[in-house]
Amino acid sequence: MTSKVETLEDIAPLADYSLTQTLNVDPNATEDGVDHSPRQVFSGHYVPVKPTAIENPIYIAHSKRFFNELGFSDSLATTEPFMNMFSGDTSKLPEPMRKLGWATGYALSIYGTEYYEQCPFRTGNGYGDGRAMSILEGVFEGKRWEMQIKGGGRTPYCRGADGRAVLRSSVREFLAQEHMHALGVPTSRSLTLYTSATETVQRPWFHNGSYSRDPELMIDEAVAISTRVAPSFLRVGQLELFGRRARKNEHPDALKELEQIVLHVIDREYSEEIDQSLALEEKVLLLAQEFRKRLTALVANWIRVGYCQGNFNSDNTAVGGFTLDYGPFGFMDVFDPRYQPWTGGGVHFSFLNQPKAAERNFGMFCSALQPLLSSNEEAQKILEKIKTEFPRVMQANMILMWASKLGLKAFDTTLFNELMKLMIDTSVDYTIFFRELSAIPADIAPLAKSFYGESVLDKKLMIRWVEWLEKWQEAVAVTSLKEREALSKKMKSVNPKYTLREWFLVPAYQKAAHGDYSLIHELQEIMNNPYDEQSDEVEARYYREKPAELFDIAGVSHVSCSS
């Protein structure tokens, strides 16, 4: 058994910066990393940047579960050197740890369409990590992790913004990442959360109790820095950037830089699936197949737990096939195929359109790989086939997921379609309904706990529910107590009891703004065990329908992209 990591000096020997050692630095980067103004970055895979520390950092929380996985002592989170590092002061790190972080550029596509307007130079060379920068990469307990602070100041990609994250959004992301991990959904992880005792920034937000879809005023909010961790932070948008440059031959090394980053993706994310001795074209095709497998499984998992990414652009799509960038996300209350927590998201990123959005992002991923296969017509045809078969693979994952949620050995289209119609007509709480169904109810009374409004008074609707339940009971074919218990246990392992709804998060970050972090810690404990039966008190508070007075309230039922 290895001893726990207690200090930064214990972390230092574990540091191993594969990205910066393998890929190209921006040739126009500054030596000191003071590179905080918007500018075009024409080539290179990363820009060294000096983080900007927040003032007077205060500890809020760390992930005990993840600390344990990394081999870190819990006491490390509150030591001054560690707090300083993960609140943006990297000036005193012990060697061979590096005092500069790094930011990366990426392209933007929205639902399969290339965009340049979000780049201040309209060229695509100024779009990238505006307030996120990685500050450490290393091997911990035999696994490679990259640690990235969010809100650590401006980078060349800041587009004129202040480079800060606020407490509100940082609390949401910190809690959501570990909750998603506990739900069994591939995700980036949360390490630490610190805020400033004195530093604030202004952000657009809503009046209390407002129904507005657009922010109405500027408010002062405390700044915070959360640290997210992943095997890598390589995104589809990054490959797109280098794919576009190679396609347009924007500089002499454009194709070479695309090849370098693709090989780095394979090394970081797919080394177990792809043999390093294969030819480049074979590697590229296997990468497309393996990423398709992961992305389709990921989106099916999102829908399984009622999660909507909100802003599912290509730059928010991790090439490793996990959930990344918890901006305007949401867990659904009332089942709605068009559920969208973000006011700027539209139907294209809504709940049941996520498979189609994933297909569009995968299409951009394949387009980025295309220049590497330009001399091999047969390989191009295979890549095109991999791309066009995405809907089939996605549908297969969805069918398996829905069958598991319903406890069916084989998917029943008619039964499923009838259920979707009933859930919409009734206004059903998504999480509560499937959890109650997991108890294998004898009648509809337990299911009615998930019905909003006065649905139970609608006799015709209730008759339809009775008829559906009878068909479902016949389909699952449980004939003994032992079979019933086994099926119930299996269904409860895929249908969580608790999900991190926005109306749970709002009081947590509101209290945190006044220095009370108790609700954050409470939600950590509850949401890290989402499938478990918990205390009666927890159930009364967190296993219930959304209160009627909170529907359509700005900042609760919908959010802007402000952070």
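The values are calculated or read from the model by the stated rules, or taken from the named source; none is laboratory data. As the structure is a computational prediction, the values presented were derived from the model and not from experiment. Positions of Cβ are backbone-derived with ideal geometry, glycine not excepted, and every protein chain shown enters the neighbour counts.
Here is the figure for segment 42-62: residues that are under 24 Å from E199 (Cβ atoms), in a loop (DSSP other than H, G, I, E, B) and touching a Gly at 6+ places or on another chain (Cβ under 9 Å) total 5. Selection of segment 174-196 for residues being crowded, with 24+ Cβ neighbours inside 10 Å and farther than 14 Å from F66 by Cβ yields L183, Y194, T195. Picking from residues in segment 209-250 that are of a type in the set (V, I, T) and crowded, with 24+ Cβ neighbours inside 10 Å, the one that is farthest from A358 (Cα to Cα) is V223. Among the residues of segment 279-286, at least one is part of a loop (DSSP other than H, G, I, E, B) and more than 14 Å from the chain's Cα centre (by Cα). Residue under question is K283, and the condition is that it be outside the structural domain of G105 (by TED's automatic domain parsing), touching a residue at least 12 places away in the same chain (Cβ under 8 Å) and among the basic types (K, R); does it hold? Yes. The residues listed here are D267, D325; of these, the one that is crowded, with 21+ Cβ neighbours inside 10 Å and either modelled with pLDDT of 95 or more or under 22 Å from F233 (Cα atoms) (or both) is D325.
Looking at segment 64-171, the strands (runs of 3 or more DSSP E) lying wholly inside it that each contain 3 or more residues that are touching a Ser or Thr at 6+ places or on another chain (Cβ under 9 Å) and buried (at least 19 other Cβ atoms within 10 Å of the Cβ) sit at 101-103, 108-110, 132-140, 143-150. Looking only at residues that are touching a Ser or Thr at 6+ places or on another chain (Cβ under 9 Å) and part of a loop (DSSP other than H, G, I, E, B) in segment 537-559, which one is farthest from W342 (Cα to Cα)? Top of the filtered list is Y543. For segment 48-63, the set of residues classified as surrounded by 15 or more Cβ atoms within 10 Å (Cβ to Cβ) and among the polar types (S, T, N, Q) consists of T52, S63, listed by residue number. Exactly one residue out of T227, T200, T195, T187 is in contact with a Ser or Thr (Cβ under 8 Å, 6 or more places away or on another chain), among the hydroxyl-bearing types (S, T, Y) and farther than 30 Å from G321 by Cβ: that is T195.
Just wondering, is there one or more residues in segment 330-351 that are buried (at least 20 other Cβ atoms within 10 Å of the Cβ), in a helix (DSSP H, G or I), in contact with a strand residue (DSSP E or B) (Cβ under 8 Å, 6 or more places away or on another chain) and not assigned by TED's automatic domain parsing to the domain that holds I149? Within segment 330-351 (the criterion being buried (at least 20 other Cβ atoms within 10 Å of the Cβ), in a helix (DSSP H, G or I), in contact with a strand residue (DSSP E or B) (Cβ under 8 Å, 6 or more places away or on another chain) and not assigned by TED's automatic domain parsing to the domain that holds I149), the answer is yes, since at least one residue qualifies.
R39 versus (1) part of a loop (DSSP other than H, G, I, E, B); (2) surrounded by fewer than 17 Cβ atoms within 10 Å (Cβ to Cβ); (3) of a type in the set (K, R): which is the lone unmet condition? R39 satisfies all of (1) part of a loop (DSSP other than H, G, I, E, B); (2) surrounded by fewer than 17 Cβ atoms within 10 Å (Cβ to Cβ); (3) of a type in the set (K, R) except (2). Residues in segment 443-455 that are out of contact with any Leu (no Cβ under 9 Å at 6 or more places or on another chain), of a type in the set (A, V, I, L, M) and more than 19 Å from E539 (Cα to Cα): none. Looking only at residues of segment 172-208 that are in a strand (DSSP E or B) and aromatic (F, W, Y), we find that the one that is modelled with the highest pLDDT is Y194. Pairs meeting the criteria (first residue in segment 396-413 and on the phi > 0 side of the Ramachandran plot, second residue in a helix (DSSP H, G or I), beta carbons under 6 Å, at least 6 apart or on different chains) are G407/V476; G407/L487; G407/M491. Contact map, segment 27-42: residues that are closer than 12 Å to C158 by Cα and acidic (D, E) paired with residues that are part of a loop (DSSP other than H, G, I, E, B) and at pLDDT 95 or above, Cβ distance under 6 Å, separation 6+ or inter-chain. Pairs shown: D35/P156.
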